Amino acid sequence: MIELPELVAGGLAAGTLSALVLGGGLLRSRRQKALLRAEVAELRTQLDGSEGAFTSEVEHLAARRIPAAAAQLAHPHLKVPGPVRPNTPGTPTGIAMEYVLTALREELTAQRVRIDAAAQAGLRGATREIQAALYRLQDALRGLQQRYDEPELAQTLFALDHENEQSLRRAQVAAVVCGAWVGLAREESHVVDAVTGGQARLAGYHRVKVHNHLEPGTALVSHAVEPVAIIVAELLDNALRHSAPDTDVVVNLEHVHHGVCVTVDDAGLGMTQDERARAQRLVAGSDPILLTDLGDPPRMGLAAIGQLTRQFDLGVDVSSPSPYGGVRAVLRVDTHLLGRIDPEERPPSVSAPRSTRERRERTARREPVLEPAVPTTPPAEPAVPVAPVVPAPASVVPAPEPVASAHEAEHERALGHQEPGDLGGLPRRRRRSRTPAAGAPEQQPAVRRPEEAAAALAALQYGTAAARTPKRASAPESQRTEDEGGATG
């Protein structure tokens, strides 16, 4: 039987052990509570920090990023700032904010297009009425020009017609930018006429120098005449506006492998790389053009070129500088827009510069018929019986010599003779006509050109002056030799 003291000692030991176990558990629970409190505090701090970061990102999005994204639609060179915290991109918050910017751009673009379409429709209707009124005014002015021939009044009417033409060009450009038709349907015309027609619509047209190197008869199909004239006018207008008033704008018309090129070179200030890139983007016509992209006031020239290049399959390049220090603009017209007009039946306008190829062809046609300037041996001619030369008495005035033809007068000039009217200039090559046989019927002269008539008149004057000379010995030796040879023949 267990004694009481042992039971008490065992109980005390068990109680002590239980107390120790309970105390250890209490200590562990307190430590866990402390750790939990610290973790909760840290999480609360992180939450407060995340909330502050999110708030700052939202504020930065609203204050900086959204306005920049909206402005970038009108000015693509602007950059949209990124998030405030560098670790935000790629996180759910960063992805959500980028989605907000994308949705904003799409909605703003749709609204801009809708508003711009409404503005273009209104402007298109207004310009159509203005164009109709200006065309009526143009017809009235031309009717007055044909009715009255007073010089001062005619000059005033021409000045008014030119001013009306410039107003019509501005209205036409505005209508083209808004998607309207060019407004005119022309017949097939020479390329050089379309270029000079665009030149005539400008205030400084006298500063434009056109060099035509095209084959005579190179023409544009009917539906391409007016677009080419509008594009040339706008390119020349830019060149004239951005160059000094005392400089010229040079235009060259040349054949290329795929058609015809019209090159416009000015001596202006040129463009920076960004300006040249924007101008090339506008004239290419690949992107839709909005009125809000053209500035205030809107500059519609390049935008109109872009519309026409897209509609009529033309090509314009402004990416190269001019050799004169300004800008070089090249309009390319492909072969399918070119035609052929007989220059003899329908020649270009009188004001259009003549083709350099045409002048070379005329020179080449004249060169084979030219005789040497000083022939070593006079050309042999068929003998014509003439009456012997009898010296006339001093009191009798000898009859004038026969009138020389243009060809024989050239031969005579080649032998060294000069007419009285040619002493101060270059000698003309002429030869004398044959003397008709006695009793032979006189042939009717053929219709002569103005040059031949002038040569015949000069030969007549020379023959009359020689006939009235008292002494035949005063004639040049070569003249006497030729006369004696003709008399003996």
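Couple of notes before you dig in:
- When both the stretch 272-346 and the stretch 12-68 are represented by their alpha-carbon centers, they are found 68 Å apart.
- Projecting the Cα positions of Ala329, Ile305, Gly315 onto the charge dipole of the stretch 281-348 (unit charges on Cβ atoms of Lys, Arg, Asp and Glu, taken about the Cα centre) puts Ala329 furthest along the positive direction.
- Computed lengthening from Ser349 to Glu275, 0.36 nm per intervening residue step minus Cα-Cα distance: 22.9 nm
- Anisotropy class of the stretch 167-323 from Cα gyration tensor, a/c 1.5 cut: rounded
- The stretch 184-326, dipole about Cα centre (Lys/Arg Cβ +1, Asp/Glu Cβ -1), debye to the nearest 20: 180
- Diagonalising the gyration tensor over the Cα atoms of the stretch 99-182 and scaling each eigenvalue by 5 before taking the square root yields semi-axes of 44, 11, 6 Å, largest first.
- Estimated inter-spin distance, Asp287 and Leu20, nm [label 7 Å along Cα→Cβ]: 8.4
- Using a simple spin-label model with pseudo-atoms 7 Å out from Cα toward Cβ, His213 and Glu129 lie 4.9 nm apart.
- The slack between Thr45 and Glu358, meaning 0.36 nm per residue of separation minus the straight C-alpha distance, is 103.7 nm.
- Since only His162, Ala140, Ile230 are under comparison, the one whose Cα sits farthest along the positive direction of the charge dipole of the stretch 124-240, derived from C-beta charges on Lys, Arg, Asp and Glu, is Ile230.
- Gained length - Asn87 relative to Ala117, 0.36 nm times residue gap less alpha-carbon distance: 6.6 nm
- Under 15 Å, Cβ to Cβ, from Tyr99 - net charge with Lys/Arg +1 and Asp/Glu -1: -2
- Zone residues, the stretch 303-327, relative to Arg241, backbone N less than 13 Å from point 7 Å out along Cα-to-Cβ: 303-305
Readers should treat all values here as calculations from the given coordinates under stated rules, not as data from a laboratory. The model shown is predicted, which means the values in this text are computed figures rather than measured ones. A quick note on method: Cβ atoms are made from the backbone with ideal geometry, for glycine too, and the neighbour counts reach across all protein chains shown.
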